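The values are calculated or read from the model by the stated rules, or taken from the named source; none is laboratory data. Remember, it's a predicted structure, so these values are computed and weren't measured experimentally. As a convention, Cβ positions derive from the backbone with ideal geometry for all residues, glycine included, and neighbour counts pool all protein chains shown. Heads up: the accessible areas ignore ligands, DNA and RNA and are worked out on the full protein's heavy atoms, side chains in. Shrake-Rupley method; radii C 1.70, N 1.55, O 1.52, S 1.80 Å.
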Amino acid sequence: MKAVPAIVITGLASLFLHFDVQACAVCFSSSENTRAAFYLTTAFLTVLPVAMLIGGFYWVRKLQQKHDAVDQS
Amino acid sequence: MGQTTVTHDSHAAHGHDHHEQSFIMKYFFSTDHKIIGLQYMFTGMFMAIVGGYFAYAFRMQLAFPGMEVPLYGTVGPGQYNMLITNHGAIMIFWVAMPVLIAAFGNILIPLMIGCDDMVFPRLNRLSYQIFLLSVVVLFMSFFVQGGGFGGAWTSYPPLSAVAEYNLTDWGASLWLIAVALEFVAFLIGGINFVTTSMNARAPGMRMTDIPIVVWMIVLASIMFMASVGPLIAGSVMLLMDQRVGTTFFVPSGGGDPVLWQHLFWFFGHPEVYVVLLPALGIVAEIMTTFARKKLFGYKTILYTTFATGGLAFVVWAHHQFIAGIDPRMANIFLVTTLLISIPIAEILFSYVATLYGGSIEFRTPMLWALGFLVTFLLGGVTGIYLGSSALDIYFHDSYFVIAHFHSTFFPIAIIGMFAGLYHWYPKMFGRMMDETLGKIHFWGTIIPFNGIFLPLFLVGMAGQHRRIYNFQHFPDLATADLQGIRVFATVSLVTMLLFQFVFAYNFFVSMFKGEKAPANPWKSNTLEWTVPSPPPHGNFAELPTVYRGPYEYSVPGNKEDYWPQNMPDRN
Amino acid sequence: MILLVAPEIPANSNAERRQLVSSSIFATVILIMTEVMFFAALISAYMIIRSGAEEWPPWGQPRLPVFATALNSLTLLASAFCLHRSVKVFSSQSSQSKQLLALTIALGTVFVSVQGYEWVQLISFGLTITSSTYGGVFYLIIGAHGLHVIGGLLALLACLRRLNSTSQQLTIDNLRAAQIFWYFVVGVWPVLYTLVYLL
Ligand code: HEM
Ligand SMILES: [Cu+2]
């Protein structure tokens, strides 16, 4: 159990490993614009389906509750 | 599309009377969900043979470079690329998807929720016809001038976009068209599955009385439909790059190749869960049945699956860690990638808990289900290493990745498929399969499978890159040790393929000579086991009413240890 | 086509089930989820390709007709309004509903036709799909939307035909499904217009 803090700290520290990644010589346009566009569109594309799925979940739940209400009456 | 949806809806509203159909009408133009399911099943199995044959050819080339492969011929570099590309694409798009989602979905959903057919039967038939067309187009792509496409199943541009680079002008385009057609087929099928399961449930069947496999197929369909849009857009753009001369993905013309990876993996990662979920569902059904125990944590599994479905949309960039995406973004995706292994682990834990304390019967379907659990675990665990963006710099595009995703995909697509087949075979064909041959087939598949891919983890860690047709050209990788491992993997593969003949024999002989199956051979609870095997057209003589959940096994106070969902009284 | 019209095996009974919501509406909503993601991808592609360009629109490429298209957008919005009215009076005043539906289709047709005319002009000015990535994404996005408008129009036409026919009944649910799809087509247009024409 003593190891737990050490593991947690190492885990958190590993989040900074990306500085090494940044040093990695991969090809990418140096344009700040493109970088921002990728950020933006990634956020856009990830949030949209998740939002729709959550919306769909509640919609179907509401429909089902209405459905059940008819059964009871 | 809008139009088709509209015009077909009223179909269910008016009844028809029953009359005999000719063989062709019955088996080729039927709108019966069971027939369409079987059509998908047989097409998928045929494609599995093609994919396996390709794997055989390129593994032989890797083990014995330059040798003339028996039953194939020599495998040149272009040939090699074409083989791996189409092996991957076929196994994912033309085997895993049609068999796990379309075939099992079609056969099981109406039977399990207690209705006579899909809500849109004609759309269902259209779905299969488009799928068949996609198969035809794919085969055409192998035979056009220049040969089949060889740009990998991910088809990264600019290689895939410019004919001067990939040297397969029409091969590449036809391949892309085939993939796009296949998506359209599943789109139509998926809409049908979701609508049917929500709208045509038997009276009394609440949301939480739906068998887990139906839920899993429904959720997989929803995920597929929420993720496929971007890839359809990307395919259209790539096709235009190839045929019209636009430069969306070609840097020399102002395009951005990383954009394709973006659109591809946005679909690509949810896709792995799309095939995973139905397999998990099949395994859950089998496990409760053969452990004679209630499924542990039905609601937990359900909600966890919802969570997985949501999370699956926020991890995709882990495939692009070294494609040059912003490292800060990679960091976020690192965290989400590690997060998603939690719900998956949770589901697997519930399965283990279902087994715990049960009176397990080791029938063939159960063996396959247990085999799934063990092998899939290995695949899932290695994914976590790949999810670390720092480690992935080394692992990316190595055989470690190959071994990772085969340890996930093989249990899903092959083991899951066999588990489902052995379990529902009596229902599908009205005959029992041979148990002994089934067990031989199981051990003859699972042991060689690990013989192929465990060594590949090692060569991956040794730095062996994927998509290279002859490692003798690389002094570091041409050592006798590594070559020995390659030969071992190839021999395992050939062994595994040979054992599939046991299955083929069992499958076809049982279909005609097997013992006649009773309606409920496994003493299971779900509704499909309350109708004769095979179910007649229209499924239920009298449409059932449901009184309880699907997993009431070994309930105290009952004489029998199972309690069918539609039985009003104690059993 | 022969495949699609082959007679089907009829089921011997048809389940009478109380639906959560009409199946045609449900199916359309799911389809729209896919469509939303499709257009989201096109929008993303547009933003990324544009961010990589030095100059937007590139030198020597024609400007888009911002004002004329804005006017044209109004016809599309008006059509959505007509459809809204048409569905509202569907059960009470069926002849008026029919007229409004026809008007919706007419307005939609005007919209696509004007767009088509705009394309012809742009092409004559030298903006083609291969002239630059600018032209490429323009025709891609606006073309994809145009195809959806045409698809929506076909769905509405099918509804209109059923309204006129005596053998096939048009239910309110069928019309609602077509309406949802049309709203989606109209609804994405302002987004695309802002993105492609205004920004
Ligand atoms: C438990 C969670 C999982 C994690 C954390 C995970 C993680 C990863 C990562 C990080 C990669 C990228 C490696 C690279 O290209 O360098 C990868 C590749 C891959 N994974 Fe997984 N994975 C998981 C589960 C799955 C499942 C369930 C499947 C299949 C059904 C799957 C199929 C694949 C495939 C096909 C690739 C390779 C794609 C390619 O480059 O061709 N993974 N995985
Ligand atoms: Cu992934």
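Determine if the range B:344-359 includes at least one residue that is under 19 Å from the mean Cα position of the chain (by Cα), crowded, with 18+ Cβ neighbours inside 10 Å and within 16 Å of ligand 2 (Cβ to nearest atom).
So far as the range B:344-359 goes, yes, one or more of its residues are under 19 Å from the mean Cα position of the chain (by Cα), crowded, with 18+ Cβ neighbours inside 10 Å and within 16 Å of ligand 2 (Cβ to nearest atom).
Does any residue of the range C:73-95 turn out to be open to solvent by 60 Å² or more (accessible area, probe 1.4 Å), of a type in the set (S, T, N, Q) and either in a helix (DSSP H, G or I) or in contact with a Cys (Cβ under 6 Å, 6 or more places away or on another chain) (or both)?
Checking the range C:73-95: at least one residue is open to solvent by 60 Å² or more (accessible area, probe 1.4 Å), of a type in the set (S, T, N, Q) and either in a helix (DSSP H, G or I) or in contact with a Cys (Cβ under 6 Å, 6 or more places away or on another chain) (or both).
Which pairs do you get when a residue that is over 19 Å from B:Tyr298 (Cα atoms), found in the range B:266-285, comes within reach of a residue that is within 11 Å of ligand 2 (Cβ to nearest atom) and not in a helix (DSSP H, G or I), reach meaning Cβ atoms under 7 angstrom, with the pair 6+ apart or on two chains?
That search, which allows pairs on different chains as well, returns B:His269/B:Val315.
Do we find that B:Pro110 is open to solvent by less than 10 Å² (accessible area, probe 1.4 Å), within 13 Å of another protein chain (Cβ to nearest Cβ) and away from ligand 1 (no atom under 16 Å from the Cβ) in this structure? Explain how you work it out, then say what you get.
Numbers: open to solvent by less than 10 Å² (accessible area, probe 1.4 Å): yes; within 13 Å of another protein chain (Cβ to nearest Cβ): yes; away from ligand 1 (no atom under 16 Å from the Cβ): yes.
Yes.
Return yes when B:Ala307 is within 11 Å of ligand 1 (Cβ to nearest atom), open to solvent by 10 Å² or more (accessible area, probe 1.4 Å) and in contact (Cβ under 8 Å) with a residue 12 or more places away in the chain and no when it is not.
Against the criterion (within 11 Å of ligand 1 (Cβ to nearest atom), open to solvent by 10 Å² or more (accessible area, probe 1.4 Å) and in contact (Cβ under 8 Å) with a residue 12 or more places away in the chain), B:Ala307 does not qualify.
Can you say whether B:Glu528 is charged (D, E, K, R), closer than 16 Å to B:Arg201 by Cα and part of a helix (DSSP H, G or I), as far as the supplied structure shows? Even if it seems obvious, please write down each step before you answer.
Details: charged (D, E, K, R): yes; closer than 16 Å to B:Arg201 by Cα: yes; part of a helix (DSSP H, G or I): yes.
Yes.
Does at least one position in the range B:218-229 carry a residue that is under 30 Å from B:Asp169 (Cα atoms), in contact (Cβ under 8 Å) with a residue 60 or more places away in the chain and part of a helix (DSSP H, G or I)?
Yes - at least one qualifying residue is present in the range B:218-229.
Of B:Gly297, B:Gly281, which residue is more than 16 Å from ligand 2 (Cβ to nearest atom), within 18 Å of the chain's Cα centre (by Cα) and not hydroxyl-bearing (Ser, Thr, Tyr)?
The match here is B:Gly281.
Evaluate the range B:228-239: report whether one residue or more is over 23 Å from B:Asn166 (Cβ atoms), open to solvent by less than 10 Å² (accessible area, probe 1.4 Å) and of a type outside the set (Phe, Trp, Tyr).
Yes, because at least one residue in the range B:228-239 is over 23 Å from B:Asn166 (Cβ atoms), open to solvent by less than 10 Å² (accessible area, probe 1.4 Å) and of a type outside the set (Phe, Trp, Tyr).
When you go through (1) within 16 Å of ligand 2 (Cβ to nearest atom); (2) part of a loop (DSSP other than H, G, I, E, B); (3) not hydroxyl-bearing (Ser, Thr, Tyr) one by one for B:Ala403, which number turns out not to apply?
(2)
Given the conditions (1) closer than 15 Å to B:Ile340 by Cα; (2) open to solvent by 40 Å² or more (accessible area, probe 1.4 Å); (3) among the aliphatic types (A, V, I, L, M), report the number of the one that B:Leu378 does not fulfil.
So B:Leu378 meets the others, but not (1).
Out of the residues in the range B:400-458 that are aromatic (Phe, Trp, Tyr) and under 17 Å from B:Leu108 (Cα atoms), which is most open to solvent (accessible area, probe 1.4 Å)?
Among them, the one singled out is B:Phe429.
Go over the candidates B:Ser227, B:Ser197 one by one and state the one that is closer than 22 Å to B:Leu276 by Cβ, modelled with pLDDT under 95 and more than 9 Å from chain C (Cβ to nearest Cβ).
One residue alone meets the criteria, B:Ser197.
Which ones in the range B:311-327 are near ligand 1 (Cβ under 9 Å from one of its atoms) and modelled with pLDDT of 90 or more? Give the steps one after another, and end with the answer.
First pass over the range B:311-327, keeping only residues near ligand 1 (Cβ under 9 Å from one of its atoms): B:315, B:318-322.
Answer for the range B:311-327, where residues must be near ligand 1 (Cβ under 9 Å from one of its atoms) and modelled with pLDDT of 90 or more: B:Val315, B:His318, B:His319.
When the residues of the range B:267-293 are narrowed to those that are within 14 Å of ligand 1 (Cβ to nearest atom) and open to solvent by 10 Å² or more (accessible area, probe 1.4 Å), which ends up farthest from B:Tyr553 (Cα to Cα)?
Restricting to residues being within 14 Å of ligand 1 (Cβ to nearest atom) and open to solvent by 10 Å² or more (accessible area, probe 1.4 Å), the top hit is B:His269.
Run down B:Phe313, B:Phe306 and say which single residue is facing chain A (nearest Cβ under 9 Å) and in contact with a Pro (Cβ under 6 Å, 6 or more places away or on another chain).
Just one listed residue meets the conditions, B:Phe313.
Considering only residues that are open to solvent by less than 30 Å² (accessible area, probe 1.4 Å) and more than 14 Å from chain B (Cβ to nearest Cβ), which ones fall in the range C:34-72?
Once the filter is applied, which keeps residues that are open to solvent by less than 30 Å² (accessible area, probe 1.4 Å) and more than 14 Å from chain B (Cβ to nearest Cβ), the range C:34-72 yields C:Pro62, C:Leu64, C:Thr69, C:Asn72.
Would you say B:Thr308 is among the polar types (S, T, N, Q) and either more than 16 Å from ligand 2 (Cβ to nearest atom) or under 19 Å from B:Gly105 (Cα atoms) (or both)?
no
When the residues of the range B:126-153 are narrowed to those that are within 13 Å of chain C (Cβ to nearest Cβ) and open to solvent by less than 10 Å² (accessible area, probe 1.4 Å), which ends up farthest from C:Ser24 (Cα to Cα)?
My answer is B:Phe131.
If you check every pair at least six apart or on different chains, which have Cβ atoms under 7 Å apart with a residue in the range B:372-394 that is under 18 Å from B:Val283 (Cβ atoms) and away from every other protein chain (no Cβ under 14 Å) first and a residue that is within 8 Å of ligand 1 (Cβ to nearest atom) and of a type in the set (Ser, Thr, Tyr) second?
Short answer, once both residue conditions are applied: B:Phe376/B:Thr408; B:Gly379/B:Thr408; B:Gly380/B:Ser341; B:Gly380/B:Thr408.
Name the residue, out of B:Leu334, B:Leu295, B:Leu263, that is more than 30 Å from A:Asn33 (Cα to Cα) and among the hydrophobic types (A, V, I, L, M, F, W, C).
B:Leu295
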